[in-house]
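Enquirer: What follows is a structure written as structure tokens; I'll ask about it next.
The values are calculated or read from the model by the stated rules, or taken from the named source; none is laboratory data. Keep in mind that this is a model prediction, so the values were computed, not measured. Here the Cβ positions follow ideal geometry from the backbone for every residue, glycine too, while neighbour counts run over all protein chains shown. Just the protein is used for accessible areas: all its heavy atoms, side chains included, with ligands, DNA and RNA removed. Shrake-Rupley method; radii C 1.70, N 1.55, O 1.52, S 1.80 Å.
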Amino acid sequence: MQEADDRPRTGGREDIDIIRPGDNEHLTAFTDCNVRAPKSINFYRFPYASFTRFRNIAAAHRGTIDSSWVKMGGPAPAVSAPDATCTLLPLTSFPKNKIKVLLLENISNTAVEMFESERFQIETAPGALTEAELVEKLRDVHVLGIRSKMHVSAEAMKAARRLLAIGCFCIGTNQVDLEAANLRGVPVFNAPFSNTRSVAELVIGEVIALARQLGDRSAELHRGTWKKVAKGCFEIRGKTLGIVGYGHIGSQVGVLAEMLGMQVKFFDIATKMPMGNNSAVATLEELLAASDFVTLHVPLSDATTRMIGAGQLQHMRKGSYLINASRGSVVDLAALADGLREGRIAGAAVDVYPTEPEKNSNGFTTELQGLANVILTPHIGGSTEEAQAAIGREVATSLIKYVNRGTTTGAVNFPQLEFPQDSKSHRILNVHQNVPGVLRNVNSIISDLDVNIKAQVNVTDSNIGYLVMDLDKAVSHEVEAALRELPTSIKTRILY
Ligand SMILES: NC(=O)c1ccc[n+]([C@@H]2O[C@H](COP(=O)([O-])OP(=O)(O)OC[C@H]3O[C@@H](n4cnc5c(N)ncnc54)[C@H](O)[C@@H]3O)[C@@H](O)[C@H]2O)c1
Ligand SMILES: O=C(O)CC[C@@H](O)C(=O)O
């Protein structure tokens, strides 16, 4: 939502002309701010002027009064001490302080501060919610922010009548029913590479830790057992690292591993440019058979669910290691536990699990607990201060740009659109079913109303179309109302 040119103008220490004191009230108000960017009005109350009246004036200016400033009753204060200060918001099509943002799972303060500076209402919670709790919360939420735990189902979205957008403050978006969101006109944003380096560094650390059995040695000493051994411990120099999924994280791991003297091979379903001396292999089986360490960096999909099971573990070299920091369901953990017990797999580092606790305080069990040379971490691949701050900034920026301007660049389930808006026009955003005849109907509304369109862009995917129109302020509300009525319309908004 953005400032309109025709918002109430106030000048430096000038009376505000909409204030008309009643017969028995003497109320003056003026602002200390300049004409182009008014920020606040100070109210000076004389006998009989009521707080309600202040509030009404503030509301007329799309402002909010900080009530702690209000001193009711008593003698008129000196002019230098205002009774109340009304903070002005820019006049928008939907007041920003009515936009409700729900942020779950300990989302970084960087994001919270960005939403605060937009004056959105923010509610935060440290963990994920149950589906029933989410449904209840989503009733009046406009923007939902989650990380990897909160599952957002089609059912939960049904109740979310006001939901404009979802932000996944992470890379993975498998926790959201993306198609249901698309069909409801709700774009989903993520941070595709803000935690890439953090995951890659964790994986490199784990390669060394597994090769030297660091987890076990450390645990033994914590228990008071001194066990100085070289058997079964190796340098990683010259060993082969096999990377499954050579995207952002996989390729970064490949670069770092090569710097440490490893040979790097990768398998990806897409053709990828190898970094440095990394080389592609044609099949997963070939990769598994050629690697001393196998690390998984695929997204969760039908094809990757249980992509490493008993059969694939049989293809791995005897005494090799497996690292999974992708998604829990990519590996059959029972089969991995068997492989580890039998000694075919010499060690594993696992960061992600098919089922993970919703909150930090909840208990956790896995079939891998108690096995030798197994490093278990609680889904911390992206959990560094650097990554969380960068993710907070990136996803909050996308959400704010969508709320304020309708920009969908970076949305993972939505037609992509971004173009600047001329401040003299209003912008209408219309998400509609992608069926024949929609644009004909839109254009007939426009020609009936004799509207001057300044810009019109329609982008589509297989389900929906996203139409953005900048047009004359004088007719924008009529056009918006007519578009809303079209049976093909899913969501229609107006911005100014
Ligand atoms: N542990 C953590 O904290 C953590 C942090 C970030 C990301 N992740 C997970 O890591 C995954 C990968 O992240 P990324 O940024 O590298 O994603 P990416 O999209 O950049 O790369 C994924 C790669 O996997 C490939 N791929 C997809 N399906 C495949 C298949 N069946 N076989 C082989 N290759 C396949 C893709 O072509 C792509 O190159 C994310 O989807 C997320 O689930 C985990
Ligand atoms: O921090 C998280 O919750 C998720 C991290 C990771 O799995 C991701 O998808 O980015």
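Enquirer: Residue by residue through region 257-272, what is 3J(HN,Hα) from phi via Karplus (6.51 cos²θ - 1.76 cosθ + 1.60, θ = phi - 60°)? Round to whole Hz and write x for glycine and proline.
Expert: Each residue of region 257-272 in turn: 5, 5, 4, 8, x, 8, 7, 10, 10, 9, 10, 9, 6, 9, 6, 10 Hz.
Enquirer: I'd like the FRET efficiency for Ala154 and Ser444, computed as 1/(1 + (r/R0)^6) with the beta carbon distance as r and R0 of 25 Å, rounded to 0.05.
Expert: E between Ala154 and Ser444, to the nearest 0.05, is 0.15.
Enquirer: If you count only protein heavy atoms with a 1.4 Å probe, what accessible area per residue comes out for region 406-447, rounded to a whole Å²?
Expert: Computed with neighbouring chains in place, this is 43 Å² per residue.
Enquirer: Post the alpha-carbon centroid distance, region 188-237 to region 408-459, in whole angstrom.
Expert: Taking the Cα centre of each part, region 188-237 and region 408-459 sit 52 Å apart.
Enquirer: So, counting K/R as plus one and D/E as minus one, what does the shell of residues with Cβ under 12 Å around Val112 add up to?
Expert: -3
Enquirer: Next up: Once phi is turned into ³J(HN,Hα) by the Karplus curve 6.51 cos²θ - 1.76 cosθ + 1.60 with θ = phi - 60°, what whole-Hz value does each residue of region 312-325 show in order, with x for glycine and proline?
Expert: The phi angles translate into 5, 5, 5, 6, 6, 4, 5, x, 8, 10, 10, 10, 10, 10 Hz.
Enquirer: Arg212's amide H: which non-local residues (gap 5+, or another chain) put their own amide H closer than 5 Å, with H modeled 1.01 Å from N in plane and none for Pro or chain starts?
Expert: Under 5 Å from the amide H of Arg212 lie the amide H atoms of Phe234, each far enough along the sequence or on another chain.
Enquirer: At a Förster distance of 22 Å, what's the computed FRET efficiency of Val435 paired with Glu179, Cβ-Cβ distance as r, to 0.05?
Expert: The formula returns an efficiency of 0.85 here.
Enquirer: Using amide H atoms built in the peptide plane, which far-off residues or other-chain residues are under 5 Å from Ser291 H to H?
Expert: Residues meeting the amide H criterion: Arg317.
Enquirer: How much net charge surrounds Lys318 when only the other residues with a Cβ under 11 Å from the Cβ of Lys318 are counted, with Lys and Arg +1 and Asp and Glu -1?
Expert: 0
Enquirer: Between Glu418 and Ile208, with labels modelled 7 Å along Cα→Cβ, what's the label distance in nm to one decimal, could you check?
Expert: 3.7 nm
Enquirer: Say each of Glu136 and Glu358 gets a label point 7 Å from the Cα, pointing the same way as Cα to Cβ; how far apart are those two points in nm?
Expert: Reported label-point gap for Glu136 and Glu358 is 1.1 nm.
Enquirer: Just tell me which lysines come within less than 30 Å, Cα to Cα, of Lys228; anything on the same chain fewer than 8 places away is out.
Expert: List returned: Lys239, Lys318.
Enquirer: First compute the accessible area of region 167-284 with a 1.4 Å probe, then give the percent of it belonging to carbon and sulfur atoms.
Expert: The C+S portion of the solvent-accessible surface of region 167-284 is 58 percent.
Enquirer: Right, next: Determine the per residue accessible area of region 84-243 with all protein chains present and a 1.4 angstrom probe, expressed in square angstrom.
Expert: I get 45 Å² per residue for this part.
Enquirer: Can you list the residues, at least 5 places off or on another chain, whose amide H is less than 5 Å from the amide H of Asn190, using H built in the peptide plane?
Expert: Under 5 Å from the amide H of Asn190: Cys168, Val412.
Enquirer: Moving on. Shape call for region 134-266 from the C-alpha gyration tensor, a ≥ b ≥ c root eigenvalues: rounded (a/c under 1.5), prolate (a/b greater than b/c) or oblate?
Expert: Here region 134-266 falls in the prolate category.
Enquirer: Continuing with the same structure: Step through the residues of region 101-113 one at a time and calculate ³J(HN,Hα) from phi using the Karplus curve (6.51 cos²θ - 1.76 cosθ + 1.60, θ = phi - 60°), rounding each to whole Hz and writing x for Gly and Pro.
Expert: Using θ = phi - 60°, the values come out as 10, 10, 10, 9, 6, 6, 5, 3, 4, 4, 5, 4, 5 Hz.
Enquirer: Distance from the Cα centre of region 349-388 to that of region 112-175, in angstrom?
Expert: Taking the Cα centre of each part, region 349-388 and region 112-175 sit 23 Å apart.
Enquirer: While we're here: Treating cross-link reach as a plain straight distance, find the lysines whose alpha-carbon is under 29 Å from the alpha-carbon of Lys100, omitting any fewer than eight places away in the same chain.
Expert: Lys39, Lys137, Lys149, Lys158, Lys359, Lys401, Lys424, Lys473, Lys491
Enquirer: Rounded, prolate or oblate, given the Cα gyration tensor of region 222-339, with a/c below 1.5 counting as rounded?
Expert: Because a/c hits 1.5 or more and a/b fails to exceed b/c, region 222-339 counts as oblate.
Enquirer: Still on this structure: Can you give me the % of accessible surface on region 378-461 that is carbon or sulfur? Probe 1.4 Å, all protein chains present, nothing else counted.
Expert: It is 51 percent, rounded to a whole number.
Enquirer: Residue separation times 0.36 nm, minus the C-alpha to C-alpha distance between Ile380 and Ala455: what's the value?
Expert: 22.5 nm
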